Every structure is written in structure tokens, then in C-alpha cells.
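Data block below; observations after.
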Amino acid sequence: MTRGEQVTVGPVWGITACVSDLPLPRHHGARPIDDTVTSFGLWAPAAEEVVLVVAGEERPMADAGDGWWHTSAVANHGTRYAYRLDGDDPLPDPAARWLPDGVHGPSAVVDPRTWAFEADRFRATPVTGGVIYELHIGTFTTEGTFAAATEHLEALVDLGVTHVEVMPVNGFDGAHNWGYDGVAWWAVHQAYGGPDGLAAFVDACHRVGLAVILDVVHNHLGPSGNYLPRFGPYLQSDAESTWGRVINLDGPQSGPVRDFVIGSALAFLRDHRVDGLRLDAVHALDDRGSATHVLAELADAVTDLSERTGRPLDLIAETDRNDPSWIRPRSVGGMGLDAQWADDVHHTIHVAVTGETDGYYVDYVDPLAKLVRAWTNGLVHDGVHSTFRDRIVGARVPDDVSSRRLVACIQNHDQVGNRAAGDRLTTLVDADMVRVAAALLCVSPHTPMLFQGEEYGETKPFAFFSDMPGEELRQAIRDGRRREFEYFSSWQGEVPDPLAMETFLGSTLDRSAATSVDGRQRRTLWQDLLALRRTEPALSTGRRDLLDAEVVADGVVRMRRRPPGHEMPAWDVEVWGNLTDSPIDMPSAGRVLLSTADVRYGGPGQPDDHVVPPRSVVVLAVPTTAPSILSTPASTPSSPTGAP
């Protein structure tokens, strides 16, 4: 196409014009204009000539200036296309939303108007008041598809889950992968069901009342199938991270790259109607040269999208720096994100129940004291020295930042999968200590997250797996995986081969365990713990000023939480955790709301209201300490187990 050619601009403008009369569109990817015509936009400043190969025909693209190329062509949902740069072999679109033949094959046009959303009026509850369930589409079911996953959604609602967090589904090379080796950030892995499958999955979640958080990766690209450098400076030429070359967020010609990153995120929120994004390793986004960080820019764009659509949308940061500025409002200089992961809670509970102290767990010796710090401060490393890193880590969480904005867990894909064998907590400790860990998480002021299968006590591992081509690359992955465990002196075995099919298949959930006696008991415990968080006002707040905690004795921790306001009647919640092998007497007067020793959960039984059995957690309703209502009698709240 050349300037001066007559083209139909489309129904948005409703006119036919000369290209020279209007600036050519600048946008990433293929955008359907109507049922038959699609606008193709590409940023490829490295090319001197670009040809669109669409439906087997070639169409020269017009130079739109500053590295942008554009043309329109007859194409609709599913039409295959690719780009030929300077006469070379055709390449997939960097902003492809559909790669039906994999990351090396042609792209396909996606028209979101073909997706029927039955739950159009669904509005997600804020993630800060919810319960998150992390899953990996490829191993959540034996089929490994979006469609198969929808069969288990109602069970998650019944459990008490409000948000499903889906590990990355962007396009990656090979059949199976964790998803963090993606190279097509706008696309959806075809083996899972492609973009149509994701849209149907989101709608199915919304129909049963579940919000969807999608894990997205913008800090690096996978080692196979990354064609971005062929098109232009999408990556920094002189900077590398642990995972390879750094994304060009603040270098020369970085403007279109920032648009590329933000545009891919908005596409999932706007068109697939996901309700939030989990942003992987935000600390690895090198944007020091920009006045406004790319994630702050993304937060502004998401806020605008939320206001325009009337849909609540959340952004969750994964960061190991314990920097609360990610979740501070933009008005006070923060990034404006809604929540961030808080690994400290996992680490303290893990060390408390397993006794492991090698690797980064060395920072969590005296774990109950560290857990008290996480409960009362939000984080453990909030400006204190880390032995493992040999430096100061983190910053204090401001008082006006609720702990509900800190996402905590006792298992997730990292903490399970980044163990050498991918072994779960259920295989590391006895059932009573697994129950203790679950209770200590759920009574915390943080937002809890479960990992797939945890609700029934899955024992199969979730190992690191991949499916990359080329023996040299495959061996490099194996060698790198082994090196990761040099810090863990306790691991002496052989690391499972991440490229072996049995490693992937061995990580798929075994749902037969869910119907076993142990599985049903474990699920009942999770249901009751999550119900307490919903029904007890003292547990339904993230305010740390309403919380007191202490280590009472070696292996014994106590926490008291007060309800906000002065509603009457009011009851505090007191939690006793006894990780020793002997029972202890509780001085507090109150009613047992929940005990992990209950026979309904597989325990030996709760003897009476004044004893904490060994290796258990007891949750009590006690008269509030608020002076204004101390003298006012109140009926004792009922236990979720039905106890009086």
C-alpha cells in the first residue's frame, strides 16, 4: 500500500478516504474493523520493507513512520497471517493473539466479538477481601485444558474460593511448560484451548461467581521462539538479567515497547474479561530511566479501563523485595497496584512446621517469633538484615496499608515447584502439622491463597517441567535446574529431569485423593477456616492495629484479633498455636470456634475449651477487650462445625 491509495477506513469513521488525508493507524497486532476487514499494525523499525502474508496472499504494508507499518486486508476471526521482513521467511506477529500452530507458525486473527459472555453482569469482589486459588491449566486436570478445568469450578466456590489465579497461558514453545518461558505475550497457548478456550473459561468462572486472575510475565522471554529482536529494539542491547536480555522499557525507542507491554495486559482485561493480573517478578522490570514506571502507567490505564467498563479490576505484584511502594497509591508516589505477594508468611510457617533452615529459610530461624512479626508488621523483612542475602531487605508497611493487600500462602507454584523434587507439604510433615499450617495462614490478617490440590491434601509433586526443542538448550535447562539447589545442603538426591514426560505427568493432580476419607477431612477443615474468615468480624479485617500476638513459650504462639468498630454484640477472636508434643492449658475464657484437633478434620479430638492439644491450633471466641462493651453480655458466636 502507498500513500494516496483509496481505502475504506471502516465503520468507526464511516467514510472512504485517501490515505494521504489521514495519518496511518499505529497499533500492535491485528484488529478486526468489521466482519470481513482487519487492520494490521506492526512496529518493526529494523525493517526497510514489510509484507503482510495473509490467507496465502502477500500485501505490502505502508510505512506509517517511526518504525510503524500498517495495512488493511480481508480477514476475520481465524484467518492466518504472518509478516515478511525485507524478503526473509515469514514471521509470526509479535502481538499475535492466536498461534494455532505454535510460536514458530503463522498467527491468526482474533475477533473478541465472536465470544459470547453469558455472565456479562458479573462484577468481581476485590481481591483484598477474597480467597485466591492458584492453578496450572496443564496439570489441574488430566486433559490439561480450559474446558476440562471448568468442571471443577463449583467445587472451588463451595470451598470458599473467590478468585482463581491461572498460571501463565501466554504462547510458549513446546507442549507443556510452567508458562514463564513465554514468547508471545498477547497469545494463549493452543494446547490449553487457545484464545477461544480462555474466553469460555472466564465466562464459566463468572457464571458460578468466581473472579479470574491471570498470571502474566513481562520481565523476560523464553529461550525458544523469541522473534522480537528481528523486528526492532524490543530488548535492551547491553543489559541482561538472570533470565536473559532485559526488556527495553527506558532506552531509545522504548515508547512502542511500553505500549506493547501495557497493550497485552489490557487486551486480557478488556477482551477476555479477566478480573485481574498477577504481575510476575516486578522487581526484574528495569525501568529506572523513566519518570513514570511502566507499572504505574499500567495501573493508570487499568484504572481508566475499570471506570469505563464499570468492572472492578485488580493488579497483584510478585516481588521478593518486600517493598510496599508497589501497593501505595499513585497520589503519594506509589505504583498504584492493589496487592502483592508476601513470601515471609509462607517461610515462617514452613520453618515452624518442618524445621527446615537451609537456603533462604536460614532467615526464619525462631519461626514463631518471625510469624508474630509478619502478623503484626505485615512482613518479616521490613527494613531488617537478611542473613541469606547479607543485606537489609524490605521497608516498613505503612499503617494505612491493610494486610489484606499482602497475599500469603503455605504452598504455591514457586514454593512447591522450586523444591528439588517439587514435594508438597503433605509429604514433608504429618497431617496434624499440615492442619496447623493451614490454620496459621487462615487466621492471619493477610489474603490467603491455596495451591491446586491443597484443599484435599494432594501428595503428588508439582515439579519444574518444560518441553523445549534442541538438545543443547535442553541440557542447559537441566544443568541450570541442578545449580539452583547449591544453597540447600539438605537436598542430596537427584533432581528430576525437567524435560522428561514423566516429570510433567507426575505433576498432574490425582483427584481420587479428594474422595478419600483424609481428602474429605482436609477439605472440611479448609471450608471451616475460610468460613470463619467470612463470618467473624475480627477475622474479616486486615487492620494490624486490632491485632496482638506473642510467643508464649517455646513452640507456642498466641494471637488476639479484635473486630473493627463497636458493633454489639462483639467478640474478639483468640488463636492458640501449640506446635509442641504436649497439651497446654489456655488461660482465656471463651468458646472454641475451631480446633484442628477435631475428629472431623482427622484429629484425635478436642478435649475441652481450656486445652490446646499437642500439634494443633485452637480458635476461640472471647469477650471483647473494648472497654465500651466489656460489661455488655453477648451471645456466643456459633462454630462453623455446628458446636454450641
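The values are calculated or read from the model by the stated rules, or taken from the named source; none is laboratory data. What you are looking at is a predicted structure, and each value in this text was computed from that prediction instead of being measured. All Cβ positions, glycine included, derive from the backbone under ideal geometry; neighbour counts span all protein chains shown. Accessible surface areas use protein heavy atoms only, side chains included; no ligands, DNA or RNA. Shrake-Rupley method; radii C 1.70, N 1.55, O 1.52, S 1.80 Å.
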List 40, 122, ordered by accessible area with a 1.4 Å probe, largest first: 122, 40
Spin-label proximity, residue 366 to the range 439-455 - amide N less than 12 Å from point 7 Å beyond Cα toward beta carbon: none
The range 150-247: relative contact order as a whole-number percent, Cα under 8 Å and 6+ apart: 29 percent
Beta bridge orientation in the range 193-328: antiparallel %, DSSP, nearest 5: 25 percent
The chain - mean residue ellipticity at 222 nm from DSSP helices (-39,500 (n - 2.57) per run, n ≥ 4, rounded to 500): -6500 deg cm²/dmol
Semi-axes of the equivalent ellipsoid for the range 41-122, Cα gyration tensor, largest first, Å: 26, 14, 12
Cα-derived Rg over Rh, computed across the chain with Rh taken as Kirkwood radius: 1.00
Rough spin-label spacing in nm, given labels placed 7 Å along Cα→Cβ, for residue 331 and residue 309: 2.5 nm
Taking the chain and dividing mean pair separation by its residue count, relative contact order in percent (alpha carbons under 8 Å, at least six apart): 9 percent
Per residue solvent-accessible surface (Å²) - the range 347-444, probe of 1.4 Å: 31 Å²
Cα convex hull of the range 281-346, projected area averaged across orientations, nm²: 4.9 nm²
Largest-first ordering by accessible area, 1.4 Å probe, given options 465, 117: 117, 465
Virtual spin-label span in nm between residue 48 and residue 66, 7 Å along Cα→Cβ: 2.4 nm
Accessible area per residue, Å², the range 495-611 with all protein chains present, probe 1.4 Å: 44 Å²
Coil-residue trypsin sites (Lys or Arg not before Pro) of the range 112-210, DSSP, other Cβ within 10 Å capped at 14: 121, 123
Potential extension, residue 207-residue 505 segment - 0.36 nm per residue separation minus Cα distance: 104.3 nm
The range 344-467 - percent relative contact order, Cα under 8 Å, separation 6 or more: 27 percent
Extension reserve of the residue 418-residue 459 stretch, reckoned as 0.36 nm per residue once the Cα distance is removed: 13.2 nm
Carbon plus sulfur fraction of accessible area for the chain, probe 1.4 Å, in percent: 50 percent
The range 117-201, Cα convex hull volume normalised per residue, Å³: 109 Å³
Rounded accessible area of residue 292 (nearest 10 Å², 1.4 Å probe): 60 Å²
Label-point separation in nm, residue 76 to residue 471, each point 7 Å along Cα→Cβ: 4.9 nm
Convex hull volume per residue in cubic angstrom - Cα atoms of the range 425-513: 141 Å³
Diffusion coefficient, µm² s⁻¹, Stokes-Einstein with Kirkwood Rh over alpha-carbon pairs of the range 127-176 at 10 °C and 1.306 mPa s: 133 µm²/s
Dipole magnitude of the chain about its Cα centre (Cβ charges: Lys, Arg +1; Asp, Glu -1), debye to nearest 20: 1440 debye
Loop-resident sites, the range 307-402, for trypsin sites (Lys or Arg not before Pro), counting at most 13 other Cβ within 10 Å (DSSP): 389
Whole-Hz ³J(HN,Hα) from phi, Karplus 6.51 cos²θ - 1.76 cosθ + 1.60, for the range 387-404, glycine and proline x: 5, 5, 8, 6, 6, 6, 10, x, 8, 5, 7, x, 4, 8, 9, 5, 5, 4
Restricting the range 451-552 to trypsin sites (Lys or Arg not before Pro) in coil, as DSSP defines it, with at most 10 other Cβ within 10 Å: none
Estimated FRET transfer efficiency (residue 288, residue 588; beta-carbon r; R0 60 Å; 0.05): 0.70
Debye log10 I(q)/I(0) for the range 134-277, one point scatterer per Cα, at q = 0.19, 0.22 Å⁻¹: -1.08, -1.34
Potential extension, residue 55-residue 430 segment - 0.36 nm per residue separation minus Cα distance: 129.1 nm
